[in-house]
Amino acid sequence: MGKQIGGEYTILRPAVTGNSFKLVSLDAAGGADVTRRALFGLDQHALTEQMVGLGEPGWRGRQLAQALYRQRVTELAQVTTLPLGLRSKLEGEGWAVDRPRIAQVFQSVDGTERYLVEGQAGDGRTVETVWMPEGDGGDAGSEDEDDARNWDRATICVSSQVGCAVNCQFCLTAKLGFERNLTPGEIAGQVVTVLDRHGVEVGRDRVNLVFMGMGEPFLNYDNWMGAVRLLVDEVGLSPRRMTVSTSGIVPGIERLAQEPPELRPKLAISLNAPNDEIRAEVMPINRKWPIDAVVDAVRGIRLRTRERVTFEYVLLGGVTDGAAHARELTRLVRRTGLPAKVNLIAWNPGPGIAYETPETGAVERFRQALAAEGVPVYLRRPRGRDIYAACGQLKRTVEG
Ligand code: SAH
Ligand code: SF4
């Protein structure tokens, strides 16, 4: 069904969903025509306010929230719980569902699917979202778009910004530069769109979310947390199954520590180096917030029972993957005194980045060195290698 492009990845089809707006202006000021307004992204409270403003009973807001986030409608016409007259009235006032839509699908042989998702701003900008199924033949992959549930759990990797301003030297998203923040609706919309595509039943199916796509979530904190609130309160997902990854933005970590436990996702820190000297080289942000400052901020989080902090560690050949680095990392993790685990990721190469992948055996030696010292360590399996799995890689490969 899919078409092989250059023998590397499969483009299934540029997906089309009905409503594509040329321009969505959220600001009514001075508009000649009716302003297009997005319902998707508003929580139950805001929807209720809108309904009351239209002279409707407040509980219509709840019905609308149910339709948007539980039934996952994409058109107002599908909201059959609302009377036809009210739907027309909403349309007349410029309201539309306007959920982010999948613009392109790339399917890997291992079952991973990567999407370019177009947001609500009408600027045509896309971000990457990834679906990673596990178990039950999920590894075998499927060319069947309905995928007949050949997975028993899955992880969705979600973006928080178009591009990124942080400038980590090994990262492809950094090469894009920072383009713009995503709205809460655009962040939560990636998840709802993918849940919809795979027929996921929230509450029954095991789905994990990782905010590890494009962008730095803590440099778009309010919108990111707004999305988390939508995903928890309206979509019904648990924050215990969500992990947010940061390059170490200390004020963001401090804000996360203030979130109530029923809303707060778990935390992963992109450590990527065993000391400040190397870290400052590969992640210049370390000059602003060095390792100790990051760790101090993490200590402010009141962890839930059995919760651990993840340290992500990208292995750069010859730069961070040596035996001495492993020893230093072990000491560093111990010194934090935090319940922690280390996630090792072999660097995924990309055009224009002058690092090297670790030599054969280096990743396993590194893992063993940590494990031998009792540090909980996991190897992040490369997923979707054939469709450019690294952060920001797909967009850069497709859009040049
Ligand atoms: N901005 C956030 C979240 C997105 S990056 C952060 O930096 O944590 C998600 C993870 O991908 C980070 O741990 C980052 O170190 C890692 N990463 C980025 N580019 C990579 C590459 N080319 N290969 C492997 N991992 C990479
Ligand atoms: Fe941004 Fe994360 Fe990439 Fe660094 S690793 S440039 S913070 S997306």
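The values are calculated or read from the model by the stated rules, or taken from the named source; none is laboratory data. Note that the structure is a prediction, hence the values are computed from the model and not measured. Neighbour counts are summed over all protein chains in view; Cβ atoms, including those assigned to glycine, are modelled from backbone coordinates with ideal geometry. Note: accessible area is taken over every heavy atom of the protein model, side chains too, but ligands, DNA and RNA are not part of it. Shrake-Rupley method; radii C 1.70, N 1.55, O 1.52, S 1.80 Å.
Kindly list, by first and then second residue, each pair from a residue in the stretch 247-261 that is closer than 17 Å to residue 292 by Cβ to a residue that is outside any helix (DSSP H, G or I) and open to solvent by 60 Å² or more (accessible area, probe 1.4 Å), limited to pairs with Cβ atoms under 8 Å and residues at least 6 apart or on different chains.
257/302
Within the stretch 328-340, is even one residue within 16 Å of ligand 1 (Cβ to nearest atom) and out of contact with any Leu (no Cβ under 9 Å at 6 or more places or on another chain)?
Checking the stretch 328-340: at least one residue is within 16 Å of ligand 1 (Cβ to nearest atom) and out of contact with any Leu (no Cβ under 9 Å at 6 or more places or on another chain).
Have a look at 93, 75 and point out the one that is open to solvent by 30 Å² or more (accessible area, probe 1.4 Å) and over 27 Å from the mean Cα position of the chain (by Cα).
Working: 75 fails: over 27 Å from the mean Cα position of the chain (by Cα).
Checking each option against the conditions leaves just 93.
Regarding residue 350, is this residue over 24 Å from residue 219 (Cβ atoms) and assigned by TED's automatic domain parsing to the domain that holds residue 233? Reasoning before the result, please.
Values: over 24 Å from residue 219 (Cβ atoms): no; assigned by TED's automatic domain parsing to the domain that holds residue 233: yes.
No, not satisfied.
With respect to the numbered conditions (1) under 23 Å from residue 120 (Cα atoms); (2) within 14 Å of ligand 2 (Cβ to nearest atom), which one is the sole condition not fulfilled by residue 197?
(2)
Just wondering, is there one or more residues in the stretch 367-384 that are within 15 Å of ligand 2 (Cβ to nearest atom), at pLDDT below 95 and assigned to a helix (DSSP H, G or I)? Spell out how you get there, then give the answer.
Within the stretch 367-384, the subset within 15 Å of ligand 2 (Cβ to nearest atom) is 380.
Cutting the leftovers down to at pLDDT below 95 gives us 380.
Of the ones still in play, those that are also assigned to a helix (DSSP H, G or I) are none.
Scanning the stretch 367-384 turns up no residue that is within 15 Å of ligand 2 (Cβ to nearest atom), at pLDDT below 95 and assigned to a helix (DSSP H, G or I).
Out of all the residues in the stretch 261-293, which are out of contact with any strand residue (DSSP E or B) (no Cβ under 6 Å at 6 or more places or on another chain) and β-branched (Val, Ile, Thr)?
So in the stretch 261-293, the residues out of contact with any strand residue (DSSP E or B) (no Cβ under 6 Å at 6 or more places or on another chain) come out as 261-264, 273-293.
Scanning the stretch 261-293 gives 278, 282, 285, 291.
Select from the stretch 316-355 the residues that are away from ligand 2 (no atom under 14 Å from the Cβ) and assigned to a strand (DSSP E or B) and write down the one among them that is farthest from residue 292 (Cα to Cα).
346
Out of the stretch 95-125, which residues are part of a loop (DSSP other than H, G, I, E, B), among the small types (Gly, Ala, Ser) and farther than 18 Å from residue 69 by Cα?
Matches in the stretch 95-125: 108, 111, 121, 122, 124.
Here are 182, 231: which of them is more than 16 Å from ligand 2 (Cβ to nearest atom), open to solvent by less than 10 Å² (accessible area, probe 1.4 Å) and under 27 Å from residue 104 (Cα atoms)? Working first, answer last.
Numbers: 182 fails: more than 16 Å from ligand 2 (Cβ to nearest atom).
Unique residue meeting the criteria: 231.
Could you count how many residues in the stretch 185-206 are open to solvent by 10 Å² or more (accessible area, probe 1.4 Å) and among the hydrophobic types (A, V, I, L, M, F, W, C)?
So the answer is 1.
Scan the stretch 42-65 and tell me whether some residue there is under 31 Å from the mean Cα position of the chain (by Cα) and not in a helix (DSSP H, G or I).
yes
Tell me which residues, restricted to the stretch 244-290, are more than 13 Å from ligand 1 (Cβ to nearest atom), farther than 27 Å from residue 155 by Cα and either open to solvent by 10 Å² or more (accessible area, probe 1.4 Å) or at pLDDT below 95 (or both).
Once the filter is applied, which keeps residues that are more than 13 Å from ligand 1 (Cβ to nearest atom), farther than 27 Å from residue 155 by Cα and either open to solvent by 10 Å² or more (accessible area, probe 1.4 Å) or at pLDDT below 95 (or both), the stretch 244-290 yields 251, 275, 276, 277, 278, 280, 281, 287, 288, 290.
Could you say which residue among 140, 148 is at pLDDT below 95, more than 21 Å from residue 102 (Cα to Cα) and either open to solvent by 20 Å² or more (accessible area, probe 1.4 Å) or over 17 Å from the mean Cα position of the chain (by Cα) (or both)? Lay out the reasoning, then the answer.
Details: 148 fails: more than 21 Å from residue 102 (Cα to Cα).
Just a single option satisfies the conditions, and that option is 140.
Is it fair to say residue 310 is within 16 Å of ligand 1 (Cβ to nearest atom) and farther than 17 Å from residue 169 by Cβ? Quick ask: steps written out before the conclusion?
Details: within 16 Å of ligand 1 (Cβ to nearest atom): yes; farther than 17 Å from residue 169 by Cβ: yes.
Taking the combined requirement at face value, the residue satisfies it.
Restricting the search to the stretch 96-122, which residues are open to solvent by 20 Å² or more (accessible area, probe 1.4 Å), of a type in the set (D, E, K, R) and in contact with a strand residue (DSSP E or B) (Cβ under 7 Å, 6 or more places away or on another chain)?
101, 118, listed by residue number.
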